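Asker: Sharing a structure here in structure tokens format.
Please treat every number below as a calculation from the coordinates, not as lab data. Just so it is clear, the model here is predicted, and its values are computed rather than measured. Virtual Cβ from ideal backbone geometry, glycine too; neighbours counted across all protein chains shown.
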Amino acid sequence: MADSSRVAMVTGAGSGIGRAVALKLQAAGYDVALLGRRVSELEKTAADAAPGGGSFLITPADVMFENAVHGAFQKTLEVFGRLDLLFNNAGTFTQGVPIEDLPVEEWRRVVDVNLTGPFLCAREAIRIMKAQTPKGGRIINNGSISAQVPRPYSAAYTATKHGITGLTKSISLDCRADNIACSQIDIGNAATDLTAKMADGILQADGRVMVEPRMDVSHVADAVLYIANLPLDANVQQMTLMATTMPFIGRG
């Protein structure tokens, strides 16, 4: 179990994977700052706090905007005094269209949320982690199995998740001297509202529409907590966690 003095920030904490991870960390004793665009959804996450766990702090912000991100991290520092863990989770998709039909505005929106947002959040976390006593902390970036193998018509999303891999490795290299570890977790088909359409069928590489298996999102939360609780001299650099029988290995 984590010590109650440990502090985490979870982005995209108002739904899905972010909510599940925030609740798991809080129940394990972490104080958790909840970052997301919709205050009402963050409040729903906070309302499910486990008795005897850590505290929740609502820090509404859109990860696309530098000043908003800075304000959320400063509020976290003011209230909790330090930051031990950042789970960089907020993300978005585009509609599934051929690349030649993808509006550049949609491309830029996905890049801003999925890549620039995690950079902005990591930058704030690193500044805090380098300055605090004791120095150091951990960043876990939510990648995707699309960081390894794309789905059809997912150019913007896939490109940003490949970018997350580069960001993760760069943080791991550049921040090791300051006792900051950085991991990437690539998740395949966790059962959330965003993946609900998979139960009705989703486009495959050969043009078929196929129902895909999903796994309980609690397994993702368990995996993040495992990485979070490692001592800083040990790290899971990259983890793939997926529904066992989903089409990924051998995906054509």
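Asker: Only bridges whose two residues both fall in the range 81-202 count here: according to DSSP, what percent of them are antiparallel, nearest 5? List each step's numbers first, then the result.
Answerer: Working: 0 of 10 bridges.
Roughly 0 percent of the beta bridges in the range 81-202 run antiparallel, per DSSP.
Asker: Between Asp62 and Gln74, what is 0.36 nm times their sequence separation minus the Cα-Cα distance? Round to one decimal in nm. Don't jump to the answer; show the numbers that get you there.
Answerer: Values: separation 12, 0.36 × 12 = 4.32 nm, distance 1.47 nm.
Extra length from Asp62 to Gln74 when fully extended: 2.9 nm.
Asker: What helices does the chain have that are whole DSSP H segments, at least 20 Å long along their own axis by Cα, and with mean Kyte-Doolittle hydropathy of -1.0 or more? Mind dumping the intermediate values first?
Answerer: Working: long enough: 66-80 (21 Å, -0.05); 117-131 (22 Å, 0.47); 155-174 (28 Å, 0.05).
For the chain, where a helix must reach 20 Å along its axis and average at least -1.0, the hits are 66-80, 117-131, 155-174.
Asker: What's the local net charge at Cys182, with K and R +1, D and E -1, over the other residues with C-beta under 10 Å away?
Answerer: Values: positive: Arg138, Lys169, Arg176; negative: Asp174.
Local net charge: +2.
Asker: D for the chain, whole µm²/s, Stokes-Einstein with Kirkwood Rh over alpha-carbon pairs at 25 °C and 0.890 mPa s: what number? Write out the running numbers ahead of the final one.
Answerer: On the way: Rh = 18.3 Å.
Answer from the Stokes-Einstein relation: 134 µm²/s.
Asker: Before rounding to the nearest 500, sum -39500 (n - 2.57) across all DSSP H runs of length at least 4 in the chain and divide by the residue total; then give [θ] at 222 nm in deg cm²/dmol. Don't skip to the answer; put the middle values down first.
Answerer: Numbers: 7 runs with 90 residues, N = 252.
Value at 222 nm, helices only: -11500 deg cm²/dmol.
Asker: Another question, if that's okay. Restricting to the chain, what percent of DSSP beta bridges are antiparallel, rounded to 5?
Answerer: On the way: 2 of 32 bridges.
Given both bridge residues lie in the chain, the antiparallel proportion sits at roughly 5 percent.
Asker: Sticking with this structure for a sec: With the chain treated as a Gaussian network of Cα nodes joined by springs under 10 Å, which of Val220, Val113, Val236 yields the largest mean-square fluctuation?
Answerer: Its mean-square fluctuation being the largest, the pick is Val236.
Asker: Then there is this: Counting DSSP beta bridges with both partners in the range 133-252, what percentage is antiparallel, nearest 5?
Answerer: So the antiparallel bridges in the range 133-252 amount to around 15 percent.
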